[in-house]
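One structure is given below, represented as structure tokens, and several questions about it will come after.
Rule-based calculations on the coordinates, nothing more; no lab input. Worth saying up front: this structure is predicted, and the values here are computed from it rather than measured. We place every Cβ from the backbone using ideal geometry, glycine too, and count neighbours over all the protein chains shown.
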Amino acid sequence: MTVTRNARRRDDGMSLVEVLVAATLFGVLGTLLLGLAISTSAVTQDTKSRTDVTGEARTALERMTRELRQSAGLDAVTLPGDGTATSFTFWTDFDGDGFRDQSASDPEVLTYCWSTVTDELTLNDDADCDAARPVLAGKVSSLQLELDSSEWAYDADGNGTTTWQELDAKAGLGNDNHRPDGAELLHIDLVGVTLVVRDGTGGAQTFHTSIDLRNRI
Ligand SMILES: [Ca+2]
Ligand SMILES: [Ca+2]
Ligand SMILES: [Ca+2]
């Protein structure tokens, strides 16, 4: 009986003012915690999207580097100005049988395309960049190709680098059409790729790779 009476006395002791103060304190504390949770979540989302975008680009470039390094050389190149895509096609004899295997499961002739319309980098199993193919990286705002040759004899301006433009302009070798194509591609054994990716926060990240086409035929 004593316990019941004491409990009632404690209940009676909670005044309206105390209830209001407690409610206000809980309210303020709750708002602060909610605000903190929301801002933490926004920061996490922001960091995550930035990491996703740059991680994709890095993975795509690593894959491109690996495949190009083993490739037999470039088949075709499309540079900006020829359309809405920059692309390059090459054959890599993955199974080492000397044949160009183009089975759907493991194609050996690959085309990397960067579209200025979608800003996506895709991997295609033919030279048609219009096909719906897996997207390797999004938010790619620029893809630049450097196509050079280690054949110093064609270094017309003697600056130590033989560019595809010098091959193109070389009488008896190039076709002087201001495109890297035809027999000129047989002399290209150094490929540089520079990707610029928007990271979603108004910034941009640049990725670069230089590949020596060791297995060039
Ligand atoms: Ca093969
Ligand atoms: Ca040069
Ligand atoms: Ca040409």
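Can you sort H187, H208 by how many other beta carbons sit within 10 Å, fewest first?
Sorted ascending by nearby Cβ count, the order is H208, H187.
So, how do all the Cα-to-Cα distances of segment 95-217 break down into 5 Å bins, in percent, from 0 on up?
The calculated distribution, bin by bin, is 2, 10, 15, 17, 18, 17, 13, 7, 2, 0, 0.
Another question, then. Give me I211, I38 ranked fewest to most by other Cβ atoms within 10 Å of their Cβ, as a rough exposure proxy. Display every interim value, and only then the final one.
On the way: I211 18, I38 10.
Final ranking by Cβ density, sparse to dense: I38, I211.
Compute the semi-axes of the equivalent ellipsoid of the chain, taking the square root of 5 times each eigenvalue of the Cα gyration tensor, and list them largest first in whole Å.
On the way: eigenvalues 818, 72, 39 Å².
Result for the chain: semi-axes of 64, 19, 14 Å.
Order of E166, E67 from fewest to most other C-beta atoms within 10 Å?
Details: E166 21, E67 17.
Least to most surrounded, the residues fall as E67, E166.
Here is a further query. Once every DSSP H run of n ≥ 4 in the chain is given -39500 (n - 2.57) and the sum is divided by its residues, what mean residue ellipticity at 222 nm do you get, rounded to the nearest 500 deg cm²/dmol?
Details: 3 runs with 71 residues, N = 217.
After summing the helix terms and dividing by residue count, I get -11500 deg cm²/dmol.
Multiply the residue gap between T65 and V135 by 0.36 nm, knock off their C-alpha separation, and tell me the result in nm, one decimal place.
On the way: separation 70, 0.36 × 70 = 25.20 nm, distance 1.68 nm.
Stretched out fully, the T65 to V135 stretch lengthens by 23.5 nm.
Students often check this: by mean Cβ neighbours within 10 Å, which of 94-104, 115-125 ranks highest, and how do the rest follow?
Numbers: 94-104: 10.1, 115-125: 17.4.
Ranking, from highest mean packing down: 115-125, 94-104.
Nearest 20 debye, what's the magnitude of the dipole of the chain about its Cα centre given +1 on Lys and Arg Cβ and -1 on Asp and Glu Cβ? Kindly include the intermediate steps, with their values, before the conclusion.
Values: 18 positive and 35 negative charges, 438 e Å.
Charge dipole of the chain: 2100 debye, to the nearest 20.
Let me ask you something else. Can you compute the FRET efficiency between D157 and S41 using 1/(1 + (r/R0)^6), with r the Cβ-Cβ distance and R0 = 41 Å? Round to the nearest 0.05. Mind dumping the intermediate values first?
Numbers: r = 56 Å, r/R0 = 1.36.
After rounding to 0.05, the efficiency reads 0.15.
Out of the trypsin sites (Lys or Arg not before Pro) in segment 131-217, which ones are loop residues according to DSSP with at most 12 other C-beta atoms within 10 Å? Kindly include the intermediate steps, with their values, before the conclusion.
Details: sites: K139, K170, R198, R214, R216; in loops: K139, K170, R214, R216.
Loop-located and lightly packed - R214.
Next up: Going by the alpha-carbon gyration tensor, a ≥ b ≥ c the square roots of its eigenvalues, is segment 40-85 rounded (a/c under 1.5) or, if a/c is not under 1.5, prolate (a/b greater than b/c) versus oblate? List each step's numbers first, then the result.
Values: a/c = 8.23, a/b = 1.98, b/c = 4.16.
Because a/c hits 1.5 or more and a/b fails to exceed b/c, segment 40-85 counts as oblate.
Here's a follow-up. Roughly how far apart, in whole Å, are the Cα centres of segment 21-57 and segment 135-181?
Result: 49 Å between the Cα centres.
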